[in-house]
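Just below is one structure, and these are the notes that go with it.
What follows is calculated from the coordinates using simple rules that are stated; it is not laboratory data. Predicted, not measured: the structure shown is a model, and the values here were computed from it. Because the Cβ atoms are built from the backbone with ideal geometry, glycine has one as well, and the counts that use them run over all protein chains shown.
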Amino acid sequence: MNNSVGSTARLIGAGLRALLVLTLICGVIYPLAVTGVAQALFNDKANGSEIKSGGKVVGSELIGQTYNLPKKNPDDAEEAARPDLKWFQPRPSNGLGSNSVNTQYSLILSGATNRSGDNKELIQWVTDAKAAVVQDNKANGYTPKPSDVPADAVTSSGSGLDPHISPQYAKLQVHRVAEKNHLDVKQVDKLVKDNTDDRILGFIGEPRVNVLQLNIALKELVAKG
């Protein structure tokens, strides 16, 4: 009987010591080491890839955001958002109108419509979105053709949070942005080129434009002149 009690006590003691050691290693030392390495070597990424403008954090280079006009009635939840056309516009963020998972770059959840390419409803959304892109980007002496509208202008990304657009979509918006901000088209076109990122390592992915960074550069250009 005494041997049994002593063995049990030793087992419990060993288990408690193992628990304390593993808690210290896995719950304290390891997290602190990983955090320290991340802060020392990857400080920007570890802190959310924040983008600053005027000394203030205005967003993350990893998460898209909208550039809309204020609502006419702030209390009307059903009022449709109206894009502020003086800014470069991002990809659609709400599955072209019917995605209940992620609406307007909500960070709670992310997701796309998950409809197939031959879905009649999706085809109609894309058709309507293309017509809206053409209409929104008309400027004095410039009217884009429907064939000029790239896919990313009329479809949301898989996450619905894509911060980038294609150089083609950015260039499609140049004339409208220049007109709305009283800038020369060549100035705005150069802005797009200066803010276009090439393929990673020259062959991974596609050229892309971060909309937030582009709009910050646009704001600075407008302020200068």
Legend entry - Matching residues in the range 169-182 - criterion: being part of a helix (DSSP H, G or I) and closer than 20 Å to residue 141 by Cβ: 170, 171, 172, 174, 175, 176, 177, 178, 179, 180
Legend entry - Among (1) surrounded by fewer than 20 Cβ atoms within 10 Å (Cβ to Cβ); (2) farther than 21 Å from residue 188 by Cβ; (3) among the β-branched types (Val, Ile, Thr), the one test that residue 154 misses: (1)
Legend entry - Residue check for residue 126: closer than 24 Å to residue 58 by Cβ, among the β-branched types (Val, Ile, Thr) and touching a residue at least 12 places away in the same chain (Cβ under 8 Å): no
Legend entry - Subset of the range 194-225 [of a type in the set (D, E, K, R) and either free of Cβ contacts under 8 Å to residues at least 12 places away in the same chain or surrounded by 12 or more Cβ atoms within 10 Å (Cβ to Cβ) (or both)]: 197, 198, 199, 206, 208, 219, 220, 224
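The rows are residues; the columns are (1) assigned to a helix (DSSP H, G or I); (2) surrounded by 10 or more Cβ atoms within 10 Å (Cβ to Cβ); (3) without any contact (Cβ under 8 Å) to a residue 12 or more places away in the chain; (4) hydroxyl-bearing (Ser, Thr, Tyr).
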| site | (1), (2), (3), (4) |
| --- | --- |
| 5 | yes, no, yes, no |
| 13 | yes, yes, yes, no |
| 24 | yes, yes, yes, no |
| 30 | yes, yes, yes, yes |
| 36 | yes, yes, yes, no |
| 40 | yes, no, yes, no |
| 57 | no, yes, yes, no |
